[in-house]
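Heads up: the structure comes next, in structure tokens.
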Amino acid sequence: MIEHDVKNLSLAAEGRLKIEWAEQSMPVLRQVRERFTHEQPLKGIRIGACLHVTTETAVLMLTLKAGGAQLALCASNPLSTQDDTAAALVREYEIATFAHKGEDNDRYYRHITSVLGARPQVTMDDGADLISQIHGARKDLIGDVIGGTEETTTGVIRLRAMEREGVLAFPVIAVNDADTKHLFDNRYGTGQSTIDGILRATNILLAGRTVVVAGYGMCGRGVAARAKGLGAHVIVTEIEPMRALEAVMDGFQVMPMAKAAPLGDVFVTVGAMARARRTVRPFVEEFVLDRGQRVYVLGEGRLINLAAAEGHPASVMDMSFANQALSAEYMVKHGRTLAKKVFIVPREIDLEIARLKLGSMGVAIDELTKAQREYLASWTHGT
């Protein structure tokens, strides 16, 4: 059997059913897979991925494999792994997978080491851990790497810092910055799945409660909108004036965290003030402070939407992972000629994904005539 470290291979059949269920809601990735199967753009390319091991990620892995790639996958978060999905990837689809839900720090980095042992030519990261290890303990791999992709805001920030410092050793595409990723995945996916995770972990009623949302980026907007939709009173805190103004104009109360903290119903924090600590529900820890207040930390302070729930809906991840697949194809074709920088997803890829998604939804849009295109082009060129 292919190399692996998963918790229980007997879960493979159950995992396959869940993967097939997710795939039904991922029509863009299915269309990409059909082309990949025919054209084999990744034939013989070794891809190492450090991503959340979920059903949606499995559909991405199957798409890359259909394109001819040789794959090795590990988890990017110890609590996000779906063990049945990991088992199915190994037993049902013969994809090297290294992931245990709840794995400790030592096993987490052993799994990263296992993926790097495949000497990847293209890296796929959700947090830049593969790239960080290659630039640190595994510099011997740099010569093999054509380029990489990064899916998170945090990871992109790390990589752009490396670029500024002149230490980034190969090009990376910031998948997170694609419009068809952050405008939809971060806002609609995170908004729904975060509320889903909170409700599964706590079973609380949000209606009538005060929910404090720290930050009004795309993720914060999604959470705020969905909490409001469930009847919560939402307070937004921000440090950036333009986003704070947007939150006000969207109908939310905006104030500093110091003023919002006494008003919130549930606090998610941790610190040395606690005099007692216990797990009261799966993924819910209770901290009792000196004055008797109770503070609840969900999912060990990690991503609650993946720790206690199933992550983003497949229909949203469809576009995010189509960006991953097409960016990997682009990197294989062009990576050897690109500078050692962080690049945005090429606009033509972003627009193609939007077009495919609209088509799968039965939505048609207008197209410019040849005369209109020529007229616009004349203005662009100043004639």
Handout entry: Close pairs (6 angstrom Cβ cut-off, 6 or more residues apart or separate chains): in contact (Cβ under 8 Å) with a residue 40 or more places away in the chain in the range 150-167, open to solvent by 70 Å² or more (accessible area, probe 1.4 Å) anywhere
Key = GLU163/LYS341
Practice task
Kindly list, by first and then second residue, each pair from a residue in the range 115-138 that is in contact (Cβ under 8 Å) with a residue 12 or more places away in the chain and on the phi > 0 side of the Ramachandran plot to a residue that is basic (Lys, Arg) and surrounded by fewer than 21 Cβ atoms within 10 Å (Cβ to Cβ), limited to pairs with Cβ atoms under 7 Å and residues at least 6 apart or on different chains.
Solution key: ARG119/ARG46; ALA128/ARG158
Exercise for the section: Assess whether THR37 counts as being open to solvent by 10 Å² or more (accessible area, probe 1.4 Å), of a type outside the set (A, V, I, L, M), assigned to a helix (DSSP H, G or I) and modelled with pLDDT of 95 or more. Expected result: yes
Problem - Residue in the range 218-236 that is under 30 Å from GLU150 (Cα atoms), open to solvent by 50 Å² or more (accessible area, probe 1.4 Å) and at pLDDT below 90 present - result: yes
Problem - Sole residue being open to solvent by less than 40 Å² (accessible area, probe 1.4 Å), touching a residue at least 60 places away in the same chain (Cβ under 8 Å) and not in a helix (DSSP H, G or I), chosen from ILE2, ILE47 - result: ILE47
Practice task
Only strands (runs of 3 or more DSSP E) wholly contained in the range 67-179 count here; list those with 2 or more residues that are aliphatic (A, V, I, L, M) and open to solvent by less than 30 Å² (accessible area, probe 1.4 Å).
Solution key: 70-75, 96-99, 122-125, 172-174
Problem - Which listed residue is touching a Leu at 6+ places or on another chain (Cβ under 9 Å) and of a type in the set (Ser, Thr, Tyr), from THR37, THR85 - result: THR85
Fill in the blank from the handout: Output for Cβ contacts, cut-off 6 Å, separation at least six or different chains, first residue more than 22 Å from GLY102 (Cβ to Cβ) in the range 53-66, second in a helix (DSSP H, G or I) and of a type in the set (Ser, Thr, Tyr), reads ALA66/THR37
Exercise for the section: Evaluate the following for MET257: is it more than 22 Å from GLN192 (Cα to Cα), over 25 Å from the mean Cα position of the chain (by Cα), open to solvent by 80 Å² or more (accessible area, probe 1.4 Å) and at pLDDT below 95? Expected result: yes
Exercise for the section: Kindly indicate whether any position in the range 184-200 is out of contact with any Ser or Thr (no Cβ under 6 Å at 6 or more places or on another chain), open to solvent by less than 50 Å² (accessible area, probe 1.4 Å), at pLDDT 85 or above and at positive phi. Expected result: no
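Determine whether LEU62 is open to solvent by 10 Å² or more (accessible area, probe 1.4 Å), part of a helix (DSSP H, G or I) and touching a helix residue (DSSP H, G or I) at 6+ places or on another chain (Cβ under 8 Å).
yes
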Completion exercise
Scanning the range 76-95 for residues that are touching a helix residue (DSSP H, G or I) at 6+ places or on another chain (Cβ under 8 Å) and closer than 10 Å to VAL6 by Cβ gives ASP83, ASP84, THR85, ALA86, ALA87, ALA88, LEU89, VAL90, ARG91
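The values are calculated or read from the model by the stated rules, or taken from the named source; none is laboratory data. Please read these numbers as outputs of a predicted model, since none were measured by experiment. Methodologically, a virtual Cβ is constructed for each residue, glycine included, from the backbone with ideal geometry; neighbour enumeration extends over all protein chains shown. Heads up: the accessible areas ignore ligands, DNA and RNA and are worked out on the full protein's heavy atoms, side chains in. Shrake-Rupley method; radii C 1.70, N 1.55, O 1.52, S 1.80 Å.
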